[in-house]
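Down below is the structure, laid out as structure tokens.
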Amino acid sequence: MPVISKYAVMGNPVSHSLSPRIHQMFAQQCDIALEYSAIEVAEDAFLSAVTQFRDEGGKGLNITVPFKQQAWQLADHRSSRAELAGAVNTLKFDEEESIYGDNTDGIGMLRDITGNLAKQVGGAKILVIGAGGAVRGVLGPLLEMQPSLLHIANRTSAKARDLAVVFGKFGPCTASGLDELGGVSYDIVINGTAASLQGEVPDLPVKIFNHETLAYDMMYSKEPTPFMRWASENGVTHCSDGLGMLVEQAAESFYIWHGIKPDTKPVLQALR
Ligand SMILES: NC(=O)c1ccc[n+]([C@@H]2O[C@H](COP(=O)([O-])OP(=O)(O)OC[C@H]3O[C@@H](n4cnc5c(N)ncnc54)[C@H](OP(=O)(O)O)[C@@H]3O)[C@@H](O)[C@H]2O)c1
């Protein structure tokens, strides 16, 4: 009997997660036998849940809201992108008993935008809305591609300004509140706020868009998100949700665990 390796995603809530389906499809494609489950963890029980999973033979975990910062603290060693993000979404339990932490959200979004959606990031003017954990994870990989400008705008402007101070070392990074936008239009507008989760659209001027803009919502859903609907209503023809980001970040986690890069296209098609 082949040994079946155990993996899981931990979060709260997590029952909606598509990660078990995605990882099973990757595993089938690569002829790897694995078990991948979704484990809902009480807010104060993250450390004990990880320890139990590992003691039962678990090899790796994906971590989602609200545990990414705790996972960062738990990791014994981290990739430079996780270090910079201050958040970990992938844990790997090494043979030597140490825990490796990585953050694949940023590279996942970048591969979706540049690969699946064929939009150039190098030289582009980019607006990122929001200043929470997800945004922190994508700023480093975006700046690595050398956009001509990366502006962060957040409802609470101080949080955007704090991020611009940290990430300004890596490229042309500016910041403001949402109410200061409108003077410039952008090639790519990324909604990294949690507003879509509440059925809302951040309070934004339509002048941030031009004919060529890609309006990208990190959130995904069966229907176009409120942000995508609002962008379309205001003349944007190129809109996307974050399903491709989810599949691409999963592919990078899969690579970290198994050393094989799965083909994401058929998986994304199946989920659509
Ligand atoms: N596709 C993927 O693989 C993937 C991966 C990770 C995250 N995500 C998505 O990314 C989004 C953000 O997640 P997160 O973990 O970064 O959340 P978070 O840390 O809670 O950050 C929330 C951010 O949203 C802003 N915000 C919330 N409600 C708002 C509203 N009504 N209007 C304007 N701004 C609002 C907050 O502004 P204030 O600072 O002013 O409160 C803050 O900047 C979620 O939709 C999540 O589903 C997707």
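For residue 40 and residue 237, the difference between the fully extended length at 0.36 nm per residue and the C-alpha to C-alpha distance is 67.1 nm.
Structural size metrics of region 106-241, computed from C-alpha coordinates, are Rg and Dmax of 13.3, 38 Å.
Once Lys and Arg get +1 and Asp and Glu get -1 on their Cβ, which of 189, 135, 266 lies farthest toward the positive end of the dipole of the chain? My answer, from the dipole projection, is 189. Shown here is the pair-distance distribution of the chain: with all Cα-Cα distances grouped in 10 Å bins from zero up to the longest one, the shares run 7, 30, 35, 21, 6, 1, 0 percent. If R0 equals 22 Å, the separation of the Cβ atoms of residue 270 and residue 114 corresponds to a calculated FRET efficiency of about 0.50.
With K and R counted +1 and D and E -1, the other residues having a Cβ less than 14 Å from that of residue 241 yield a net charge of -1.
Considering only Cα-Cα distances, which of the following residue pairs are longer than 26 Å: 92/169; 125/159; 222/265; 119/169; 119/265; 159/207?
Working: 92/169 29 Å; 125/159 21 Å; 222/265 18 Å; 119/169 24 Å; 119/265 16 Å; 159/207 23 Å.
Where the Cα-Cα span goes over 26 Å, the pairs concerned are 92/169.
For the chain, the longest principal axis of the Cα atoms and the long axis of helix 46-55 meet at an angle of about 40 degrees. How big is Rg to Rh over region 181-272, alpha-carbon atoms, Rh as the Kirkwood inverse-mean-distance radius? Looking at region 181-272, the ratio lands at 1.05. The value of relative contact order for the chain, using C-alpha pairs under 8 Å at least six residues apart, is 15 percent. Charging the Cβ of each Asp and Glu at -1 and of each Lys and Arg at +1, and nothing else, the dipole of the chain about its Cα centre rounds to 560 debye. One decimal place: the segment residue 94-residue 28 gains 21.4 nm when fully extended, by the rule 0.36 nm per residue minus the C-alpha distance.
Rounded to two decimals, the Cα-based Rg/Rh of region 1-151, with Kirkwood Rh, is 1.00. What is the angle, in °, between the Cα long axis of helix 157-167 and the longest principal axis of the Cα atoms in the chain? Nearest 10 is fine, range 0 to 90. With rounding to tens, the tilt is 70 degrees.
Cα centroid separation, region 241-272 to region 23-53: 16 Å. Summing charges over all other residues whose Cβ lies under 15 Å from the Cβ of residue 165, with Lys and Arg as +1 and Asp and Glu as -1, gives +3.
Taking a sphere under 10 Å around the Cβ of residue 97 and counting the other residues whose Cβ falls inside, with K and R at +1 and D and E at -1, yields a net charge of -3.
Computed from the coordinates by the stated procedures, all read-outs in this text should not be read as laboratory data. Predicted, not measured: the structure shown is a model, and the values here were computed from it. When we count neighbours, we look across all protein chains shown, and the Cβ atoms used for this are built from the backbone with ideal geometry, even at glycine.
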